[in-house]
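Visitor: The structure's right below; bear with me while I get my questions together.
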Amino acid sequence: MQRYLVRRLISLVLSLVVASLVIFAVIEIVPGDPASYMLGLNASPETVAALRDRLGLNEPVPLRYLHWLVGMLQGDFGQSYTYKVPVAELVAQRLTVSLPLALLALLLATAIAFPAGLIAAARRGRAADSAVMGATQIGVALPNFWFAMLLVLAFALHWRLFPAGGFPGWSEPLAGIRALTLPAIALALPQAAILARVLRSALVETLGQDYIRTARAKGLTRGQALVGHALRNAMIPVLTILGMQFSFLLAGAIIIENVFYLPGLGRLIFQAITQRDLIVVESVVMILVFAVILVTFLVDLAYGAIDPRLRKRA
Amino acid sequence: MSLLAVSDLALTIHGVPILRDVDLAIAPGEIFGLVGESGSGKSMTALAFMGLLPHGSLATGEALFDGEDLLCLPERRLTRLRGNDIAMIFQEPMTALNPMKTIGDQVAETLRVHRAATRAEARAVARDRLDRVGLPEDRFPLTLYPHELSGGQRQRVAIAMAIALRPKLLIADEPTTALDVTTQAQILDLLRGLARDEDMALLLITHDLAVVADMARHVAVMKDGRVVEAGATEPLFRARREDYTRRLIVASEHVPARRSAPPGADLLTVSGAVREYLLPRPSALAPHPRLRAVDGVSFTLRAGESLGLVGESGCGKSTLTRAILGLDPLQGGRIRLGEEEVTAGRKMAPALRARMQVVFQDPYGSFNPRHRVERLVAEPFHLTGRPRDARDRVAAALDEVGLKPADMAKYIHEFSGGQRQRIAIARALIIRPDLIVLDEAVSALDVRVRAQVLDLLARLQQSHGLAYLFISHDLSVVRSVTDRVMVMRAGRIVEEGATEAVFTAPQEAYTKALIAAAPRIPDAWKEPADATRP
């Protein structure tokens, strides 16, 4: 297990280095000078040059990359050109919305997908299976922002159970959770549908394995064999999907954030890109890459915890 | 009083008749053999008793177990019986255990699911049962996972799981078919001992008549979903009253008519062949440990000769075969075909490759299912260039192996296992090689089909002057079709000689053990004169 861990860690660090190089290079290529953008159209070339100097944009490229990298390692992501505050502070603020939202959505998705997938697999080929599969088909097909608007119409405007948008902060935790409930549901449903389908097909495949027959011959009921033997063997593809979904939810919630006026990470990047706030874009993308790689690492660890054969082989 | 009395058992699956008129009676504590070819309904019969039939099955008739009709019991009652009073083990030990759970948990689960013991007690019983099946604690702690065990050891775990609650009946469905002869002998011995010591009836399902002859007191022969003959084992084997039974027994002992070829020129010369694999490093800086799969093998195969290579799984036969075929490079020694050097990869001339062909074991996996037979059989022409009369040659090759030229328009799934193996032989023949490597080529076939394919191979050898390298774990087949035989163990040839000499007077202890382990129908049973009619 130790070697497995070390190998995963090495690959994690290497992925991060490669990702930072790619991100930095892409930002270099993107047209648009942040200095002239910040100063507006009427700024004199001298002022722009002075600002470029102050922002460090005149340094050689490798040096800037190194500064950026070392800064990040020390927790210094630079100053936002437009907001004039440290990027770290900005991101931290936005994460207090995006992270709970992603977690809540993932929790909801899992809570819906597992029973649905288990029922469909247990009753495969019958009415319950068709019903679940039909529902997931719809869940995958519906655009989630449209569904979000329906949620707002029903639960915010008609029944007034949840706020229609905005985020009050975490000073009152209950109000915060209430504000995130509808967006989380809107985000969770398509993910739940995908997860349920993956879980069902993985379970159906494992149910055909010899060891399920062995388990039944020992006297396990269908349900006991399903939960006791098939579920764990079906978890590898499910975990893969879960990891990908978490990464997507963290930054990909931009449309939903817009529908509900949530100050999340997605909106931050979007604004930073339109305003050429390249230092913010660079840093946020890097943080997202780090999050994705970290999640992949955790998923890898979970594989090892689930499947003894992986622990051994690595 | 029978423990299990089956009468008029019939089964349909989605309306298709699978079984009919199956009658069996198994006494408490006896070993009962159920034999038949693949598709005869042996396994379905057993699954019907277990209530584990596939979806869409309808079983009628009666199967009285201890006075209860298994076919009428509700599922709830059946789950109590399964694992408790009736247990079952299956053919494929490599996949029969859950790879994610320890062997201790899996054995203990039998007790836990029947609420027969507390967690601690269940583990104690699991320990005891694993000891009983020959997996002692010092080498096989409860915390092992299935992938850390060999096939034979996994089958022992499956048996421990099945006997955890001391069932009255154990159904063993081809329990040793996937195992080597020596492992098979050990497992059969274990099952025999368990039946005796625990007063447990054993329903032994197998295609292997010799196994039944060796083990069972009573036997039933199945064909096409029916029991064609049943009775006490010895009289049944001696009398051979039913035509089908007789044909099965004859086929299982079949020796194809063949003349030993006069020794020709040296065709295949292997000298000092070494094949090594790198194993994963034990730590980051240590060198890769090496596994010598083939360790200095030397032999010569002459033109027109039939040479056998026997050994257990993992002995290096397949690795050696791959090197001979020029698929993997050697790390030492050399292989020559005629005067030319066999090398792996692109360096090897197609003309040299064309001089040897191979037929593999699995008639289902060794063909591309999306190609027609014509294309499949014509495939080796890429080594020689496609001749103008390729189509006619394919037709001729199919004709030679006993198929119709019209079959070339069909797809592979339209053929039975035996027919597929004939097509594989046609594919090997089409470019007129000097040597055909037969890698377990008849191991997956039923006895009667196997006899036919062996006859075909013998005939082709005579007519084309072919040399065969016949690789098999089945000693009786090797004995019946080869001139010389080599016994391989742990990468080395431990004994080599004329086939009859090696089989009648083996010199090496290992060869002796192999021959002794192979089950045989007693010679005395082959004289039908003193058959005792039941």
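The values are calculated or read from the model by the stated rules, or taken from the named source; none is laboratory data. Model, not experiment: these values are computed from the prediction. Quick reminder, even Gly has a Cβ in these numbers, built from the backbone with ideal geometry, and neighbours come from all protein chains shown.
Visitor: If you go through the stretch A:5-29, how many residues are farther than 15 Å from residue A:304 by Cβ and surrounded by 13 or more Cβ atoms within 10 Å (Cβ to Cβ)?
Guide: 7
Visitor: Scan the stretch B:454-475 residue by residue and report those that are surrounded by 20 or more Cβ atoms within 10 Å (Cβ to Cβ) and under 16 Å from the mean Cα position of the chain (by Cα).
Guide: B:470, B:471, B:472, B:473, B:475
Visitor: Related question: Scan the stretch B:359-382 and give yes if some residue there is farther than 20 Å from residue B:468 by Cα, part of a loop (DSSP other than H, G, I, E, B) and acidic (Asp, Glu), otherwise no.
Guide: Within the stretch B:359-382, one or more residues are farther than 20 Å from residue B:468 by Cα, part of a loop (DSSP other than H, G, I, E, B) and acidic (Asp, Glu).
Visitor: Of the numbered conditions (1) more than 9 Å from every other protein chain (Cβ to nearest Cβ); (2) in contact (Cβ under 8 Å) with a residue 12 or more places away in the chain, residue B:69 fails exactly one; give the number of that condition.
Guide: (2)
Visitor: Return yes or no: is residue A:82 assigned to a helix (DSSP H, G or I), under 28 Å from residue A:248 (Cβ atoms) and of a type in the set (Ser, Thr, Tyr)?
Guide: no
Visitor: Report, by residue number, each residue of the stretch A:203-222 that is without any contact (Cβ under 8 Å) to a residue 60 or more places away in the chain and either more than 10 Å from every other protein chain (Cβ to nearest Cβ) or of a type in the set (Asp, Glu) (or both).
Guide: Once the filter is applied, which keeps residues that are without any contact (Cβ under 8 Å) to a residue 60 or more places away in the chain and either more than 10 Å from every other protein chain (Cβ to nearest Cβ) or of a type in the set (Asp, Glu) (or both), the stretch A:203-222 yields A:205, A:208, A:210.
Visitor: If you take the residues of the stretch A:55-79 that are among the polar types (S, T, N, Q) and assigned to a loop (DSSP other than H, G, I, E, B), which of them is surrounded by the most Cβ atoms within 10 Å (Cβ to Cβ)?
Guide: Applying the filter and picking the extreme gives A:58.
Visitor: In the set B:97, B:135, which member is in contact with a helix residue (DSSP H, G or I) (Cβ under 7 Å, 6 or more places away or on another chain), more than 10 Å from chain A (Cβ to nearest Cβ) and assigned to a loop (DSSP other than H, G, I, E, B)?
Guide: B:135
Visitor: Could you tell me whether any residue of the stretch B:113-129 is closer than 15 Å to residue B:172 by Cα, within 14 Å of chain A (Cβ to nearest Cβ) and surrounded by fewer than 22 Cβ atoms within 10 Å (Cβ to Cβ)?
Guide: No, that holds for no residue.
Visitor: Further question on the same structure: Among the listed residues B:46, B:87, B:25, B:10, identify the single one that is among the aliphatic types (A, V, I, L, M) and buried (at least 23 other Cβ atoms within 10 Å of the Cβ).
Guide: The unique qualifying residue is B:87.
Visitor: Tell me which residues, restricted to the stretch B:151-196, are over 20 Å from the mean Cα position of the chain (by Cα) and farther than 16 Å from residue B:125 by Cβ.
Guide: Residues satisfying the conditions are B:168, B:169, B:170, B:192, B:193, B:195, B:196.
Visitor: Can you tell me which residue among A:268, A:298, A:239 is touching a Lys or Arg at 6+ places or on another chain (Cβ under 6 Å) and of a type in the set (A, V, I, L, M, F, W, C)?
Guide: Testing whether each residue is touching a Lys or Arg at 6+ places or on another chain (Cβ under 6 Å) and of a type in the set (A, V, I, L, M, F, W, C) leaves just A:268.
Visitor: Now, a different point. Does any residue of the stretch A:147-167 turn out to be under 21 Å from residue A:93 (Cα atoms) and out of contact with any helix residue (DSSP H, G or I) (no Cβ under 7 Å at 6 or more places or on another chain)?
Guide: Within the stretch A:147-167 (the criterion being under 21 Å from residue A:93 (Cα atoms) and out of contact with any helix residue (DSSP H, G or I) (no Cβ under 7 Å at 6 or more places or on another chain)), the answer is yes, since at least one residue qualifies.
Visitor: Counting residues that are of a type in the set (Gly, Ala, Ser) and crowded, with 18+ Cβ neighbours inside 10 Å, which strands (runs of 3 or more DSSP E) fully inside the stretch B:205-317 reach at least 2?
Guide: Because the criterion is at least 2 residues that are of a type in the set (Gly, Ala, Ser) and crowded, with 18+ Cβ neighbours inside 10 Å, the strands (runs of 3 or more DSSP E) in the stretch B:205-317 that meet it are B:306-310.
Visitor: Turning to a different aspect of this structure: Might you check whether a residue that is within 27 Å of the chain's Cα centre (by Cα) and at pLDDT below 95 occurs anywhere in the stretch B:58-67?
Guide: Checking the stretch B:58-67: not a single residue is within 27 Å of the chain's Cα centre (by Cα) and at pLDDT below 95.
Visitor: So for the stretch B:16-24 (the condition being within 9 Å of chain A (Cβ to nearest Cβ) and either touching a Gly at 6+ places or on another chain (Cβ under 9 Å) or at pLDDT below 95 (or both)), does at least one residue qualify?
Guide: Scanning the stretch B:16-24 turns up no residue that is within 9 Å of chain A (Cβ to nearest Cβ) and either touching a Gly at 6+ places or on another chain (Cβ under 9 Å) or at pLDDT below 95 (or both).
Visitor: Is there a residue in the stretch B:181-196 that is in a strand (DSSP E or B), more than 23 Å from residue B:442 (Cα to Cα), touching a helix residue (DSSP H, G or I) at 6+ places or on another chain (Cβ under 8 Å) and of a type outside the set (D, E, K, R)?
Guide: Scanning the stretch B:181-196 turns up no residue that is in a strand (DSSP E or B), more than 23 Å from residue B:442 (Cα to Cα), touching a helix residue (DSSP H, G or I) at 6+ places or on another chain (Cβ under 8 Å) and of a type outside the set (D, E, K, R).
Visitor: Here is a follow-up. Is there a residue in the stretch B:45-56 that is at the interface with another protein chain (Cβ under 10 Å from one of its Cβ atoms), at pLDDT below 95, in a helix (DSSP H, G or I) and touching a helix residue (DSSP H, G or I) at 6+ places or on another chain (Cβ under 8 Å)?
Guide: yes
Visitor: Right, something else. Given the structure, is residue B:60 among the β-branched types (Val, Ile, Thr), more than 14 Å from chain A (Cβ to nearest Cβ) and within 29 Å of residue B:225 (Cβ to Cβ)?
Guide: Considered against the rule, which asks whether it is among the β-branched types (Val, Ile, Thr), more than 14 Å from chain A (Cβ to nearest Cβ) and within 29 Å of residue B:225 (Cβ to Cβ), residue B:60 comes out as yes.
Visitor: Out of B:90, B:140, which single residue is in contact with a helix residue (DSSP H, G or I) (Cβ under 7 Å, 6 or more places away or on another chain) and facing chain A (nearest Cβ under 10 Å)?
Guide: That would be B:90, the only listed residue that is in contact with a helix residue (DSSP H, G or I) (Cβ under 7 Å, 6 or more places away or on another chain) and facing chain A (nearest Cβ under 10 Å).
Visitor: Another one. Kindly list the number of the only condition in (1) assigned to a helix (DSSP H, G or I); (2) farther than 19 Å from residue A:83 by Cα that fails for residue A:52.
Guide: (2)
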